[in-house]
Amino acid sequence: MWQRLKRAWMKKRLQDPSYGFLFEEEPENEYVCFDLETTNLDPRMAQILSIGAVRIRDHRVLSSQKFYLEVRAEGNFDEEAIKVHRIRKTDAKKGHCVQDAVKQLVEFIGSRPIVGYYLEFDVAVVNRYLKDMIGIGLPNRQIEVSAQYYDWQTRGDIDRYVDLSFENIRKTLDLPALPAHNAVHDALMTALCFVKLKHQTMSAWRRGHEKQLN
C-alpha cells in the first residue's frame, strides 16, 4: 500500500511527461541490475564516472543486453577512489555529459525493478541528477542483493553474524570472478548473485513445502 501511494505521489510530481514510462506496469520477471563508478563515496557530492547495467529475465542474465557509458566529470577526485577504479581526472574528461548518461540509463531501465549491491548509494547519486531533470527520483522497486543474501543465510535467525562483503557472497554462491571495480563487470556479477540467490531461495522453499506435506 505504501509503495503504491508513494508511486502515485511521485507520478503527480513528474515534470516531464516523456518519462511517464517509468510508471508503466513492471514487465513480468524482468529486472535491471546497475552499478556506478564515482569520484568518491559521498552520495551528496559524488560525480558519476561510468555506468554499467544489464537486464535479467526469469532466471537468466541477458549479457547480450549490456549497457555501459563513460561519463565526463570535473572537480575533486578522491585519491583512494582512483586507486580502486583507476579512472583518473584526465580520463574523466571524455565521455557523455552526465544528464545524457542518466537519461540513457533511465530509458534502459524502464519500469523494471532495480537490482544492486548496496544499491542505496547508486540510486541516491542517480536521483541527485534525475530530480533536477524531471522533478523526481527513480520510482522503481528496488532489490538489495546483500539483504537478499542475509535473509537466505539467516533463515530467520537474526542473531547470526553474516559477512556481507561482495567477495564473500560471490564465493559462497560459487560464482566465477570478473575484474572488479568496472561498472559493467560489477553489474554482471551482482546480477549473477541475484539470479543464484533467487534459485537458492526457491529451492529452500520447495524443500520446506515438501517436508510439510510429508
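What follows is calculated from the coordinates using simple rules that are stated; it is not laboratory data. Everything numeric in this text was worked out from a predicted model, so none of it was measured. Cβ placement follows ideal geometry from the backbone for every residue including glycine, while neighbour counts extend to all protein chains displayed.
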Return the ratio Rg/(2.2 N^0.38 Å) for the range 2-207, where Rg is computed over Cα atoms only.
-> 1.04
Too long for a 19 Å Cα-Cα cut-off, among Lys66/Lys103; Lys103/Lys131; Lys94/Lys131, are Lys94/Lys131
Would you mind putting 47-55, 159-167 in packing order, based on average other-beta-carbon counts within 10 Å, highest first?
-> 47-55, 159-167
Stretch Trp2-Glu107 to full length: gain in nm at 0.36 nm per residue minus the Cα-Cα span?
-> 35.3 nm
Where in the range 19-78 are there GluC sites (Glu not before Pro) that are in a DSSP coil and have at most 13 other Cβ atoms within 10 angstrom of their Cβ?
-> Glu24, Glu25, Glu28, Glu74
Simple label model, 7 Å out from Cα along Cβ direction - Leu14 to Met133, nm | 1.4
